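The next block holds one structure in the form of structure tokens; read it before the comments.
The values are calculated or read from the model by the stated rules, or taken from the named source; none is laboratory data. It should be emphasised that the depicted structure is a prediction, and the values quoted were computed from it without experimental measurement. Please note: Cβ atoms are built from the backbone with ideal geometry, for glycine as well, and neighbour counts cover all protein chains shown. For accessibility, only protein heavy atoms count, side chains too; no ligands or nucleic acids. Shrake-Rupley method; radii C 1.70, N 1.55, O 1.52, S 1.80 Å.
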Amino acid sequence: MRIGIVGLGLIGGSLAKALKYNTEHEVLGTDVDRGVLLKAKLLGAVDDELLPEQLPSCDLVITALYPQDTLDYITQHAQSFKKGAIVMDCCGVKRVICETLWQCAKENGFLFYGAHPMAGLHFSGFAYSDVHMFSNASMILLPPDNADINDLANLKHLFLSIGFTNIQISTPEEHDRIIAYTSQLAHVVSNAYVKSPQAQVHNGFSAGSYKDLTRVAKLNADMWTELFLDNVDNLTEELDGLIENLQQYSRALHEKDAKTLHALLKAGSDRKEKIDGQYRN
């Protein structure tokens, strides 16, 4: 199979490496930074450059771009994709992507699958891409209405072969609602947390808790601004809910209300234990 990858940053570069090093498929790649493309070729992450005239020969095209760039690239090249080929994105939001591109695919004879590899780092760029990025990770797939079961089976086999251990089927609405909580809210909280003056004098006073909470504070502001605004309704609902919960703790502390504070802490601890038990089972 010939696979084209558009965008060789952290995710696109890791996909290229994982596919090239773990499968027999031919991998072509392209990036706005030609230096990145040359490095990817030198390291054996791609076989060659993905040129526009080669799109009709690709069986699978994966775009690893920001949301608007994804929409622009796929719509602009819609007539170039092979009839029946699968085109996928890797964006962290899905409603803004899927409805438009499902329709575009129907009109132009290719198949569009929304996809979100649940893996990454707090760094960006090809320099940080890793062949093992997707080990034990989940791949969320959002198939079109006319998805073929054989295509899904082939995609599952492909992604399992490069390290993914769970393939999750979702809808744009479900994806964006849950991802607002599991990913986007965590980035907002971490980013806000390090703005405390104490963050500059914590050395020697911090351990695992600090590291866990601040890991994703360092982020790509351009990308996350776009992702947050594309999911603003779900993210603000989660953020407002968190603020309301935090205010309960703040009131209990201000009032030195040990009983309420204990109840709040125990309720949170019990919730975490229950959730962990559900996923263990």
Counting only protein heavy atoms with a 1.4 Å probe and every protein chain in place, the carbon and sulfur fraction of the accessible surface of the chain in whole percent equals 53 percent
Taking the square root of 5λ for each eigenvalue of the C-alpha gyration tensor of region 233-281, the equivalent ellipsoid has semi-axes, largest first and in whole angstrom, of 23, 19, 4
GluC sites (Glu not before Pro) in region 7-86 lying in a DSSP loop, each with at most 16 other Cβ atoms within 10 Å of its Cβ, come to 24
For region 75-234 (alpha-carbon point model, no solvent) the Debye-based log₁₀ I(q)/I(0) at q = 0.09, 0.15, 0.16, 0.18 Å⁻¹ works out to -0.37, -0.92, -1.02, -1.22
Hits for the chain under the membrane-span-like helix rule (DSSP H, Cα axial span at least 15 Å, Kyte-Doolittle mean at least 0.0) are 10-22, 149-161
Computed on Cα atoms, Rg of the chain relative to 2.2 N^0.38 Å comes out at 1.13
Sparse-neighbourhood loop hits (trypsin sites (Lys or Arg not before Pro), region 219-278; DSSP loop; Cβ within 10 Å at most 10 others) -> 256
For region 131-254, the per residue accessible area (1.4 Å probe, Å²) is 62 Å²
Pseudo-spin-label distance residue 152 to residue 24, built 7 Å along Cα→Cβ, given in nm, is 2.8 nm
Result for region 68-119: accessible area per residue, probe 1.4 angstrom, in square angstrom, of 38 Å²
Taking chymotrypsin sites (Phe, Trp or Tyr not before Pro) in a DSSP loop with at most 12 other Cβ atoms within 10 angstrom as exposed, one finds the longest site-free stretch of the chain at 1-122
The aspartates and glutamates whose Cα lies under 12 Å from the Cα of residue 17, excluding any fewer than 8 residues away in the same chain, are 26, 47, 130
If each K or R counts +1 and each D or E counts -1, the residues other than residue 190 whose Cβ falls under 12 Å of its Cβ total +3
To the nearest 0.05, the calculated FRET efficiency linking residue 269 and residue 127 through their beta-carbon distance, R0 being 25 Å, is 0.05
Taking a straight Cα-to-Cα line shorter than 17 Å from residue 211, and setting aside same-chain lysines fewer than 8 residues away, one finds 195
One finds the C-alpha centres of region 59-102 and region 203-281 to be spaced, in Å, by 33 Å
The value for region 113-177 (convex hull of the alpha-carbon atoms, volume per residue, Å³) is 96 Å³
Expected max-MSF residue from 69, 151, 212 in the GNM of the chain (alpha carbon, under 10 Å) is 212
Once both label points are put 7 Å beyond Cα along the C-beta direction, the residue 246-residue 47 separation in nm becomes 5.1 nm
Largest fluctuation, 56, 172, 197 only, Gaussian network model of the chain with Cα springs under 10 angstrom, belongs to 197
Sorted largest first, the C-alpha extents of region 19-98 along its principal axes in whole angstrom are 36, 25, 23
Loop-resident trypsin sites (Lys or Arg not before Pro) in region 40-83 with no more than 15 other Cβ atoms inside 10 Å, DSSP not H/G/I/E/B, are 83
